[in-house]
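Working notes, beginning with the structure itself.
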Amino acid sequence: MSYQAGYTDHEISPFTGLTRESWREAGKYLLRGLFENLKDIDAPPIAVRTETEVTYPHLKDSEGAQAAQRKAEIFEGLTRTFFIGSVLLADEPDLTIGGIPLREYYKRHILRCCAEPDHEEYVGSYEDMQALTKDPDPFRPYQQTVETCALVIGLSMCEQEIWQDYTREEQDRIARFLDGYARANTVPQNWRLFNMLDMAFLYRHGYEIDENIMREHAQAILGWYAGDGWYRDGHTFDYYSCWAFNFYAPLWNEWYGYERMPEIAARYEENSNELMKTYGRFFDRDGWVNMWGRSCIYRNAATSAFDGNLFLRRSILNGEEAALGSARRICSGALLQFLDREDFLAEGVPSLGFYGQFTPLVQGYSCAESPYWLGKAFLCLHLPADHPFWTVKEREGDWESLGARDVKETILDGPGMVFSNHGANGETILRTAKLIRRPDDTHGLWNYGKLCYNTKYPWESTPQDAADTEAVESQQYVLKNLLDGEAEIANATFYAGVRDGVLYRRQYFRYRLETDCHWTQAVDLADMTVPFGILRADKMRFYRRPTRITLGAYGFPDNGTEVEERTLDQARAVILKGRDACGRPRQLAMTVWDGWQELCLKHSRGTNPDSASSVVVYAVGELKKQYDGSEPYLFFSQVITRDDGQDFTEDDLFPIRRIVYADPGRVGAYGPVRIEWKDGTARTVDFDGIEGRLML
């Protein structure tokens, strides 16, 4: 059963109906599956395990490693559910779920995990973990550092109900545990914020901290800032910039930074406000989250950045009714994106997937309880019922001004992102760059390396069809060497910015820093928005050898798909019509022009997060000659989608009136190419100068 809100108000929330009380209901709904499956109040917060191949505890690891992982799992189950439990308890201290009083449960198990070394639930100090794992690395970080931060946030959200109810001696023991992880080694990216909040919590409660360590972490975090409100997470950009950097840093400001390090706090404040200027456009008209980046099992935790901004003294959202109404609409829409799904829960807790269980997106650092990181979205409940976030009317933000065929494009050069809001279908399409992964890291390339990410068409892993050996990826090029049969996908994407409405990027295949990139196959990407999607005019840059090229559209949920084929002059289109797993209409069309030879279909099972069965329409081309200039350099394609049950018009499917090449060979080897649309508009694609604009 999916979540059914009992408290709704369509006057204040005309788009979602959700109120603050609806959110409290939803929080209880998410905790019920865990607490109703516990034997009694003394049982540790462990969920029923539904996956054992990827997630930890890893069954193939050593006995010591598994023991350490079991401790981390207990701590994750405790602290991540506490994101939700803490704000519920602040309103309702006597709350009971599954017959278990939450206040007493958390109070008892926090003490056991952090301050009772002889108890089986004790998760171990940093030194204990080193001894248990026998790891020769003296600087190894442990998962407990992540969870100590979740713990101090929860303790702060319901301070009177739990923290103040401990004796001073019990508080001191918990503080010593926290201090050990706060001072210890950490991962040198967003993890530094965990240490910072641990220390800030201790400082707020009168404990001595090392301000030199605090400053070292705080300034290092600023070093990851790339502009436009986004921080680079290690070597990539993803939602950690939003649910970590832009949530924890404002909270740190309130707890510590404004008082002790105002210069750094001012920078965090500025960066959060910069994010808020465009972050609402990152979601679609329904408020849906795009499946992109790692840790997708955290889902709507991406909306926690809005709440983070409201911790600031000079929040760009506070006092702005339209902005707050839009923020709540997005938060509630993103919540319903998942809670409206009947497959969202597995054994009563959020599944290890995006919608239902979906192993291809799961990382090895996750356990059964990890999805409760989405509980960060519920921290908006710390805002009282009379806060404007809850009392202003829901708004659609920038979507309100978009016409039926308008597209609003947001260009962020800092993180190398362009996302477009499409008035025709209400979808948001994200195009990213500044990426390099190992050539064999297909998992990372699904997360980060797709040409487009669409809020209504989550990424598909490699389609599996036992009857076909064709190498195909959704929203990615695949090059197959016709001499040896070896296939490869791009593992590096460089950003070259937007010029005259065209986004330029370059992708390299098997790119390695130690290899001269000019001996590496590459494709120069040029793509532009159309009302229902994206049109591409990409230029192949090969060290010429016989090559078969495929380009997939989005993965399409196959729950009984109708397939149509259309042609107009030399252009061909394939249209897929069907429904997603919830029965909502879906329609996708892929059109190809010059460069491509045919359109094909690949059916698959178990590779689409939205549906058990799926189908990918893909384009095919071949280059068999060397350097004689007779074969195409430019490949034109378009992928469009709509979800209202209406058909595409002929002009939607075939919007190009003509393609005008500068070179007489009509293969696009040299010079600009003019694309003229039937509506009288035109775009010029010109790769001249791209080499000097490439950024990673």
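The values are calculated or read from the model by the stated rules, or taken from the named source; none is laboratory data. Keep in mind that what you see is a predicted model, and the values were worked out from it rather than measured. Don't worry about glycine lacking a Cβ; one is built from the backbone with ideal geometry, like all the others, and counts go over all protein chains shown.
Residues checked against (1) at pLDDT 95 or above; (2) of a type in the set (Val, Ile, Thr); (3) assigned to a strand (DSSP E or B); (4) not assigned by TED's automatic domain parsing to the domain that holds Met417:
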{"residue": "Leu503", "(1), (2), (3), (4)": "yes, no, yes, no"}
{"residue": "Gln507", "(1), (2), (3), (4)": "yes, no, yes, no"}
{"residue": "Arg512", "(1), (2), (3), (4)": "no, no, no, no"}
{"residue": "Arg536", "(1), (2), (3), (4)": "yes, no, yes, no"}
{"residue": "Met540", "(1), (2), (3), (4)": "no, no, yes, no"}
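Val667 versus (1) in contact (Cβ under 8 Å) with a residue 24 or more places away in the chain; (2) more than 28 Å from Pro557 (Cα to Cα); (3) in a strand (DSSP E or B); (4) not acidic (Asp, Glu): which is the lone unmet condition?
The one condition Val667 does not meet is (3).
Looking only at region 422-454, which residues are part of a strand (DSSP E or B) and of a type in the set (Lys, Arg)?
Arg431
Filtering region 479-508 down to residues that are touching a strand residue (DSSP E or B) at 6+ places or on another chain (Cβ under 8 Å) and without any contact (Cβ under 8 Å) to a residue 24 or more places away in the chain, which residue is surrounded by the most Cβ atoms within 10 Å (Cβ to Cβ)?
So the residue we want is Tyr508.
Say we look at region 624-646 and pick out the residues that are touching a Phe, Trp or Tyr at 6+ places or on another chain (Cβ under 7 Å) and aliphatic (A, V, I, L, M); which of these is nearest to Arg584 (Cα to Cα)?
Among residues in region 624-646 that are touching a Phe, Trp or Tyr at 6+ places or on another chain (Cβ under 7 Å) and aliphatic (A, V, I, L, M), the one nearest to Arg584 (Cα to Cα) is Ile640.
What pairs can you find where one residue is in region 592-607 and assigned by TED's automatic domain parsing to the domain that holds Pro632 and basic (Lys, Arg), the other is buried (at least 22 other Cβ atoms within 10 Å of the Cβ) and outside any strand (DSSP E or B), and their Cβ atoms are less than 8 Å apart, with a gap of 6+ or different chains?
From region 592-607, the pairs are Lys602/Pro463; Lys602/Val472.
Can you tell me which of Tyr166, Tyr142, Tyr181 is surrounded by fewer than 22 Cβ atoms within 10 Å (Cβ to Cβ) and of a type in the set (Phe, Trp, Tyr)?
Tyr166
So, of the residues in region 70-109 that are part of a strand (DSSP E or B) and of a type in the set (A, V, I, L, M), which turns out to be surrounded by the fewest Cβ atoms within 10 Å (Cβ to Cβ)?
Per the stated criteria, the residue is Ile100.
Being in the same structural domain as Ile74 (by TED's automatic domain parsing), free of Cβ contacts under 8 Å to residues at least 24 places away in the same chain and acidic (Asp, Glu): is that true of Glu320 here?
Yes; evaluated as a whole, the condition is true for this residue.
Of all residues in region 632-672, count the ones that are under 35 Å from the mean Cα position of the chain (by Cα) and of a type in the set (A, V, I, L, M).
Going through region 632-672 one residue at a time, the tally reaches 5.
So for region 600-618 (the condition being touching a Pro at 6+ places or on another chain (Cβ under 7 Å), outside any strand (DSSP E or B) and surrounded by 17 or more Cβ atoms within 10 Å (Cβ to Cβ)), does at least one residue qualify?
yes
Condition check: touching a strand residue (DSSP E or B) at 6+ places or on another chain (Cβ under 8 Å) and among the β-branched types (Val, Ile, Thr). Does Thr303 satisfy that?
In short, no.
More than 20 Å from Ala67 (Cα to Cα), assigned by TED's automatic domain parsing to the domain that holds Leu202 and under 33 Å from the mean Cα position of the chain (by Cα) - does that describe any residue in region 137-150?
Yes, there is a match, as at least one residue in region 137-150 is more than 20 Å from Ala67 (Cα to Cα), assigned by TED's automatic domain parsing to the domain that holds Leu202 and under 33 Å from the mean Cα position of the chain (by Cα).
Restricting to region 57-69, count the residues that are surrounded by 17 or more Cβ atoms within 10 Å (Cβ to Cβ) and either outside the structural domain of Gly154 (by TED's automatic domain parsing) or modelled with pLDDT of 90 or more (or both).
2
Can you name every residue in region 295-348 that is basic (Lys, Arg), surrounded by fewer than 21 Cβ atoms within 10 Å (Cβ to Cβ) and within 18 Å of Gly375 (Cβ to Cβ)?
Arg341
When region 200-233 is examined, which residues are found to be in a loop (DSSP other than H, G, I, E, B) and in contact (Cβ under 8 Å) with a residue 24 or more places away in the chain?
His205, Tyr207, Ile209, Asp210, Trp224, Asp228, Gly229, Arg232 - these are the residues of region 200-233 that are in a loop (DSSP other than H, G, I, E, B) and in contact (Cβ under 8 Å) with a residue 24 or more places away in the chain.
Take the residues in region 29-50 that are within 28 Å of the chain's Cα centre (by Cα) and surrounded by fewer than 17 Cβ atoms within 10 Å (Cβ to Cβ); name whichever of them is nearest to Leu102 (Cα to Cα).
Looking at the filtered set, the residue picked out is Arg32.
Suppose we filter Arg642, Arg683 for residues that are modelled with pLDDT of 95 or more, under 15 Å from Val502 (Cβ atoms) and in contact with a strand residue (DSSP E or B) (Cβ under 8 Å, 6 or more places away or on another chain); which single one remains?
Within the list Arg642, Arg683, the selection yields Arg683.
When region 122-136 is examined, which residues are found to be assigned to a loop (DSSP other than H, G, I, E, B), in contact (Cβ under 8 Å) with a residue 40 or more places away in the chain, surrounded by fewer than 20 Cβ atoms within 10 Å (Cβ to Cβ) and at negative phi?
Listed by number, the residues that qualify are Tyr122, Ser125.
Could you pull out the residue among Gly356, Gly414 that is of a type in the set (Gly, Ala, Ser), under 15 Å from Phe282 (Cβ atoms) and assigned to a loop (DSSP other than H, G, I, E, B)?
Residue meeting the stated conditions: Gly414.
Would you check if Val574 is within 27 Å of Lys480 (Cα to Cα) and either without any contact (Cβ under 8 Å) to a residue 60 or more places away in the chain or in a strand (DSSP E or B) (or both)?
yes
If we scan region 19-28, do we find a residue that is among the polar types (S, T, N, Q), crowded, with 16+ Cβ neighbours inside 10 Å and touching a residue at least 40 places away in the same chain (Cβ under 8 Å)?
yes
Given the conditions (1) within 19 Å of Phe15 (Cβ to Cβ); (2) in contact with a Lys or Arg (Cβ under 7 Å, 6 or more places away or on another chain), and given that Ser401 satisfies all but one, which numbered condition is not satisfied?
Of everything listed in (1) within 19 Å of Phe15 (Cβ to Cβ); (2) in contact with a Lys or Arg (Cβ under 7 Å, 6 or more places away or on another chain), Ser401 misses just condition (2).
From the list Ile411, Ile429, pick out the single residue that is closer than 28 Å to Arg505 by Cα, assigned by TED's automatic domain parsing to the domain that holds Gly501, at pLDDT 95 or above and crowded, with 22+ Cβ neighbours inside 10 Å.
Criteria check complete, one pass: Ile429.
Can you go through Ala589, Ala662 and tell me which one is farther than 22 Å from Gln507 by Cβ, modelled with pLDDT of 95 or more and small (Gly, Ala, Ser)?
Going through Ala589, Ala662 in turn, just one is farther than 22 Å from Gln507 by Cβ, modelled with pLDDT of 95 or more and small (Gly, Ala, Ser): Ala589.
State whether the residues of region 110-117 include one that is in a helix (DSSP H, G or I) and either among the β-branched types (Val, Ile, Thr) or not assigned by TED's automatic domain parsing to the domain that holds Gly154 (or both).
Scanning region 110-117, I find at least one residue that is in a helix (DSSP H, G or I) and either among the β-branched types (Val, Ile, Thr) or not assigned by TED's automatic domain parsing to the domain that holds Gly154 (or both), so the answer is yes.
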